[in-house]
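Notes follow once the structure below has been shown.
The values are calculated or read from the model by the stated rules, or taken from the named source; none is laboratory data. Just so you know, these numbers come straight off a predicted model, no measurement behind them. Cβ placement follows ideal geometry from the backbone for every residue including glycine, while neighbour counts extend to all protein chains displayed.
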Amino acid sequence: MTLAFARFAIATPILIAIVSFARPSREAMRLALTKEFWQFSALGLSGVTLLYVFQFYSLRFISATEGSIIINLHAVFAMLLSAAFLNESLTARKTFGVFVAFSGVIVITIRDVTTTSSSFIEPVGVLLMAGAALCWAAYSVFGKRVLRRYSDQVATSCAFLLGTLFLIPFALSEGRMNALANASSLAWLSIAFLAIPSSVIAYILWNRLIREIDVTKVLVSLYVIPIPTAILSYVFLGETITYPLVLGAALVIIGVYLTESSSSHSIKS
């Protein structure tokens, strides 16, 4: 949590500085924080604070492999939330595509795991990681509603500001601020990478995407990430391309295609 706080403590002033260049954006941010404080508090909690609190604390109870499977429930949660709150279509093709892609992620993730650890059924860890997945889905769904009234930069800045403030007590409770102050230059370079390309740029681009595209279609596209990761690992690290990896990648590609090409006709009850 100390690392998460450092990451967003750097990212937030950068975003606010970007917004402050234009007076209309400054006014929009002031209006957002005063008139819609609770709305942006919810975005800050779901997209910054609780997302990382749940994710990091869950790893005390379950393994990273198990956590990486559960966190990918975000697309399933987003599909349900967007249908309920954004009136996005819930078609049979889209639903099937999401679950096929999710199955592919499971196959890719567990390809090197020969046994299932007993921690997988640890209810606290499972619930916390599922909570993190729900937080990211909620941030995307309710963020899309906010983006109807505010720009990408303004919405992201407000969520970052409040989310960072809510992170403070969690970071202080760890008592590791001294370690952060004495961190190496490489550690700070890593934090800067998390803060700028992985937070400032990535969150703005994410908000721009969910403004234009169905939330479910955007979130399911994240399932493709393990594929280039595996290819780069093969090229640069000499890791093996296994049959389960190929099978999982094929399932992901098929599932993403089905989801992205789904029609606008809803499932009939």
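Conditions (1) part of a loop (DSSP other than H, G, I, E, B); (2) modelled with pLDDT of 95 or more; (3) not hydrophobic (A, V, I, L, M, F, W, C), marked per residue:
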{"site": "G125", "(1), (2), (3)": "no, no, yes"}
{"site": "A130", "(1), (2), (3)": "no, no, no"}
{"site": "W136", "(1), (2), (3)": "no, yes, no"}
{"site": "R148", "(1), (2), (3)": "yes, no, yes"}
{"site": "L161", "(1), (2), (3)": "no, yes, no"}
{"site": "L165", "(1), (2), (3)": "no, yes, no"}
{"site": "L172", "(1), (2), (3)": "no, no, no"}
* Which residues, counting only those in the range 27-64, are surrounded by 16 or more Cβ atoms within 10 Å (Cβ to Cβ), closer than 15 Å to A130 by Cα and out of contact with any Gly (no Cβ under 8 Å at 6 or more places or on another chain)? -> S46, L51, Y52, V53, F56, Y57, S63
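One line per residue, one yes/no per condition, for (1) in contact (Cβ under 8 Å) with a residue 60 or more places away in the chain; (2) more than 30 Å from I10 (Cα to Cα); (3) of a type outside the set (V, I, T):
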site	(1), (2), (3)
A183	no, no, yes
S190	no, no, yes
A202	no, no, yes
V218	yes, no, no
T229	no, no, no
E239	no, yes, yes
* **Entirely in the range 1-50, the helices (runs of 4 or more DSSP H) that have 1 or more residues that are under 12 Å from V146 (Cβ atoms) and at pLDDT 90 or above** => 23-35, 37-44
* Is there a residue being polar (S, T, N, Q) and closer than 29 Å to L245 by Cα anywhere in the range 147-167? -> no
* Of the conditions (1) more than 19 Å from the chain's Cα centre (by Cα); (2) modelled with pLDDT of 85 or more; (3) surrounded by fewer than 18 Cβ atoms within 10 Å (Cβ to Cβ), V113 fails just one. Which one is it? -> (2)
* Asked: Would you call A133 out of contact with any strand residue (DSSP E or B) (no Cβ under 8 Å at 6 or more places or on another chain) and either more than 30 Å from L258 (Cα to Cα) or surrounded by fewer than 17 Cβ atoms within 10 Å (Cβ to Cβ) (or both)?
  -> no
* Residue check, L222 modelled with pLDDT under 90 and farther than 21 Å from H74 by Cβ -> no
* **Residues within the range 84-103 that are in contact with a Ser or Thr (Cβ under 7 Å, 6 or more places away or on another chain) and in a loop (DSSP other than H, G, I, E, B), tallied** => 4
* Identify, by number, the condition in (1) outside any helix (DSSP H, G or I); (2) free of Cβ contacts under 8 Å to residues at least 24 places away in the same chain that S262 doesn't meet. => (2)
* Return the only residue of T216, T229, T259 being surrounded by fewer than 16 Cβ atoms within 10 Å (Cβ to Cβ) and either among the hydroxyl-bearing types (S, T, Y) or farther than 19 Å from L90 by Cα (or both). => T229
* Residue check for L209: without any contact (Cβ under 8 Å) to a residue 40 or more places away in the chain, in contact with a Ser or Thr (Cβ under 9 Å, 6 or more places away or on another chain) and farther than 24 Å from A17 by Cα -> no
